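Everything below concerns the one structure shown next.
We did not get these values from a lab; they are worked out from the coordinates using the rules stated. This structure is a prediction, so every number in the text was calculated from the model and none was measured. Neighbour counts are summed over all protein chains in view; Cβ atoms, including those assigned to glycine, are modelled from backbone coordinates with ideal geometry.
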Amino acid sequence: MAESGSADGTDSSAGTCDDVGDEQTPVQLVYRPQPADTLVGLRVRERVKRTGLVLRGVFLALWIGQWLLATVGRGRIDVVSTVLFLFVVLVVWGYPRLQAASVQRIVGWQGEYRATVSPAEITCRTDHSTLVQKWSVFQGYRETAGHFVLLSRDPNIMYLGVLPKRGVQGAEDLERLRAILDQHTPRV
């Protein structure tokens, strides 16, 4: 016999009315966007697409090869080639940070963001704008240590929605947010 029934024969394994209501209750996030939020989103996008990692790897490999061939061919380290090589490494490393800083200039001046994640949609409000997004916009999401990153459905993932966990009021809201995301979009 199953152990899920209580002494009076009723099934206590089903959720209570409060549990059902929790999944339908919207989750509120209040936060100020930071460049680190955008950088996390860009890194997640790069990992999901994988093409960025491959292109950066090939680009660096070609530059390393060029530098090594120039150094071996001349029998000495060429200052110009070395400076150019270091510049390329710096650009490849710094490009995502430049993108994050650029996005911060666009969104940072708007101040505090108030996001509402509900079973119907995600609404993000500032003092200057309101953005409403239906779940059909997103192909999925990825959870990181400090963020939920929503990825747009288009092939190039041109839109990222970054929800910082620091904006959630408590642990129960964080669990409810995770449940809403799992219900409406897959993890990628």
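Overview of values
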{"quantity": "Extension gain, Ala120 back to Arg105 (0.36 nm per residue minus Cα-Cα distance, nm)", "calculated": "2.4 nm"}
{"quantity": "Cβ-derived FRET efficiency at R0 25 Å, Gln66 paired with Thr144, nearest 0.05", "calculated": "0.10"}
{"quantity": "Exposed-loop-free span, longest in the chain, where trypsin sites (Lys or Arg not before Pro) count as exposed if DSSP calls them loop and at most 16 other C-beta atoms lie within 10 Å", "calculated": "77-152"}
{"quantity": "Cα-projected label distance for Leu53 with Leu131, points at 7 Å along beta-carbon direction, nm", "calculated": "2.6"}
{"quantity": "Using alpha-carbon coordinates, inclination of helix 171-184 to the longest axis of the chain, degrees", "calculated": "80"}
{"quantity": "Region 101-114 - phi-based ³J(HN,Hα) in whole Hz, Karplus 6.51/-1.76/1.60, Gly and Pro as x", "calculated": "5, 5, 4, 4, 5, 6, 9, x, 5, 7, x, 6, 9, 10"}
{"quantity": "Sum of side-chain charges, Tyr95 neighbourhood, beta-carbon under 14 Å (Lys, Arg +1; Asp, Glu -1)", "calculated": "+3"}
{"quantity": "Separation in nanometres of the label points that stand 7 Å from Cα toward Cβ, at Arg187 and Thr82", "calculated": "4.8"}
{"quantity": "Stretchable slack from Asn156 to Gln169, in nm (0.36 nm times residue separation minus alpha-carbon distance)", "calculated": "1.4 nm"}
{"quantity": "Residues Leu160, Leu151, sorted so that the one with the fewest Cβ neighbours within 10 Å comes first", "calculated": "Leu160, Leu151"}
{"quantity": "Volume of the Cα convex hull of region 43-184, divided per residue and given in Å³", "calculated": "129"}
{"quantity": "Charge dipole of the chain about the Cα centre (unit charges at C-beta), most positive-ward option of Gln28, Val88, Pro155", "calculated": "Val88"}
{"quantity": "Neighbourhood charge, 13 Å Cβ-Cβ cut-off, centred on Asn156 and excluding it, Lys, Arg +1 and Asp, Glu -1", "calculated": "+2"}
